[in-house]
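Colleague: What follows is a single structure, and I will ask about it in a moment.
Any read-out appearing in this document is the output of simple, stated calculations on the displayed coordinates, not a laboratory observation. Here the structure is a predicted model, which means the values were calculated and not measured. Here the Cβ is made from the backbone with ideal geometry for all residues, glycine too, and neighbour counts use every protein chain on show.
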Amino acid sequence: MKKVAVITMGVKLNHEKGYSRFRYLCDFLSDMGYKVDLITTTFQHWEKAQRDIGKIKEDEYKFGLKFIYEPGYKKNIDLKRIGSHRIAAGNLTKLLNKEGDYDLLYCEIPPNDVALAAAKYAKKKGIPFVADVNDLWPEAMRMVLDIPVMSDVIFYPILRDAEKVYSLVSGIIGTSDEYRDRPLKNKKLSVPKETVYVGNEIREFDEGIEIYSGEIKKEEEEFWVTYAGTIGTSYDIRTMVLAGGELLKRGYHNIKIKILGNGPLQEELEKLAADKQCTNVEFVGYTPYPKMAAYLRKSDVLVNSFVKKAPQSIVTKIGDYLAAGRPMINTCMSQEFRNKVEKDGFGINIMPEDVNILTDAVLDFYENPEKCRIMGEKAREIAERQFDRPQSYKKIEELIRRLIETNE
């Protein structure tokens with residue numbers, strides 16, 4: 001039985017908030033016959049609090065759980081987070097040196113310094129190292145702090161660590177083609193690489209709809225335009241709020257804007273909606289995954305809402321949006337995703353940060369129910385074919401198996 005460590009600083013365990021990608025991967029690999037340890041942090045990223053490790057250990061998991069101490073932070077991007085990850089990286093090195101009897105390390109990047117600790121250990125032990133690239137640091141950080149020269153100086157250590165990690169990879173999994181190819185941008189390495197979208201379990205998504213659909217009340221004449229995710233700097237929720245106001249001005253009082261999720265800009269944007277008297281805009285707040293699925297399905301149009309400068313590509317929520325079987329308005333400027341929207345036909349691309357363009361796009365769907373139906377059906381088809389984890393994650397296992405066999 002081959003032994004694999006899956007290393008991530010951001011994972012949702014039982015009864016927690018967050019993303020389930022790495023939890024699912026650990027279950028998946030365990031079911032495929034691997035002995036798996038999930039190595040993660042004592043700090044829960046979405047709760048912004050230390051975990052109750054004793055309580056967690058009362059539950060049963062298919063895989064082993066190991067925790068490295070991390071002091072934590074209050075904001076997604078600040079110096080405390082950088083320092084917190086640095087401490088976690090040091091503690092990961094100590095843990096691996098003490099208990100790191102593995103055939104392969106599979107590690108999320110970012111955080112870059114944590115991934116570098118794993119990559120260096122793998123090199124020292126002569127075992128394969130797979131980087132799972134699901135964001136780009138420091139590129140994404142420039143959304144918050146982009147000051148000529150100063151930002152280059154501040155972010156240089158993060159960029160340096162990224163390039164070191166990329167030079168040590170044995171294999172690459174990217175959550176988009178762009179992320180998959182980034183490690184080799186400045187490297188002449190010949191390593192296996194695959195794109196595996198974050199995705200979801202469509203069975204679990206559909207169960208959420210079945211359980212919660214009856215609880216979510218929607219008037220027959222209402223038309224819902226919905227966003228689900230973080231309310232933060234990268235996401236153009238401001239334009240959605242203002243588009244709500246514009247819809248009211250144009251006399252469409254039955255079109256409702258639903259904002260699911262929370263984040264650092266929530267209070268500011270709620271105030272904006274109140275000040276502008278956007279009575280058709282509702283901030284639903286954080287919604288557990290099964291209930292979110294029901295909200296998405298009840299909606300008529302879903303908005304993948306990003307600001308112009310956002311560096312994101314094909315993000316976590318896309319699998320859920322597509323599984324809902326609803327058309328999508330996309331403002332993300334990633335050329336890869338814009339091409340996919342157009343080619344696969346499940347939505348439309350518009351320019352971000354323009355209230356009238358977004359309002360017109362909403363009204364076009366409102367006035368064309370057949371267009372909504374056709375694009376919604378295509379969305380669900382793509383979800384089942386490309387984003388359903390029980391199928392798509394087979395590519396991860398195949399890459400892992402190939403690397404271990406080659407290294408024997």
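Colleague: Let me understand region 47-114 better: what is its radius of gyration from the alpha carbons, and its Dmax, in angstrom?
Modeller: According to the Cα coordinates of region 47-114, Rg and Dmax are 13.5, 36 Å.
Colleague: Against the longest principal axis of the chain, how steep is helix 150-167, in degrees 0 to 90 to the nearest 10, with axes from Cα atoms?
Modeller: Once rounded, one gets 60 degrees.
Colleague: Now a separate question. Hey, what angle do you get for helix 289-298 against the long axis of the chain, alpha-carbon based, 0 to 90 degrees rounded to 10?
Modeller: 30 degrees
Colleague: Let me ask something else. Test of understanding: what is the full-extension gain from Lys164 to Arg338, defined as 0.36 nm times their sequence separation minus their Cα-Cα distance?
Modeller: Length difference between fully extended and current span is 59.6 nm.
Colleague: Using alpha carbons only, how many degrees (0 to 90, rounded to 10) separate the axis of helix 355-366 from the longest principal axis of the chain?
Modeller: It is inclined by approximately 80 degrees.
Colleague: At what distance in nm do the modelled label points of Lys94 and Arg401 sit from each other, each positioned 7 Å from its Cα along Cα→Cβ?
Modeller: Taking the two extended label points, one gets 3.8 nm.
Colleague: Another question, then. Do the alpha carbons of any pairs in Lys48/Lys276; Lys12/Lys80; Lys75/Lys256; Lys66/Lys125 sit beyond 28 Å of each other, and which pairs?
Modeller: Lys48/Lys276; Lys75/Lys256
Colleague: Which value, in Å³ per residue, describes the convex hull spanned by the Cα atoms of the chain?
Modeller: 142 Å³
Colleague: Still on this structure, please answer the following. Points 7 angstrom from Cα along the Cβ direction at Gln50 and Leu265: gap in nanometres?
Modeller: That separation, rounded to one decimal, is 3.4 nm.
Colleague: Figure the gain on full extension for Ile374 and Gln391 (residue separation times 0.36 nm, minus the Cα-Cα span) and round it to one decimal in nm.
Modeller: Taking Ile374 through Gln391 to full extension adds about 3.7 nm, to one decimal.
Colleague: I've got another one for you. At q = 0.21 Å⁻¹, what log₁₀ I(q)/I(0) does a Debye calculation on the Cα points of region 157-307 give, no solvent, two decimals?
Modeller: Reported log10 I(q)/I(0), two decimals: -1.23.
Colleague: Answer rounded, prolate or oblate for region 202-386, using the Cα gyration tensor with square roots of eigenvalues a ≥ b ≥ c: rounded when a/c is under 1.5, else prolate when a/b is larger than b/c, else oblate.
Modeller: rounded
Colleague: Still on this structure, please answer the following. With viscosity set to 1.002 mPa s and temperature to 20 °C, compute the Stokes-Einstein D of region 346-408, Rh being the Kirkwood radius across alpha carbon pairs; µm²/s, no decimals.
Modeller: Diffusion coefficient, whole number: 142 µm²/s.
Colleague: Compute the whole-percent fraction of alpha carbon pairs in region 1-150 spaced more than 25 Å apart.
Modeller: That fraction is 27 percent.
Colleague: Rounded if a/c is under 1.5, else prolate if a/b is larger than b/c, else oblate: which is region 199-282, with a ≥ b ≥ c the root eigenvalues of its Cα gyration tensor?
Modeller: oblate
Colleague: Kirkwood hydrodynamic radius for region 1-90: how many Å is it when counted over pairs of different Cα atoms?
Modeller: Evaluated on region 1-90, it is 13.7 Å.
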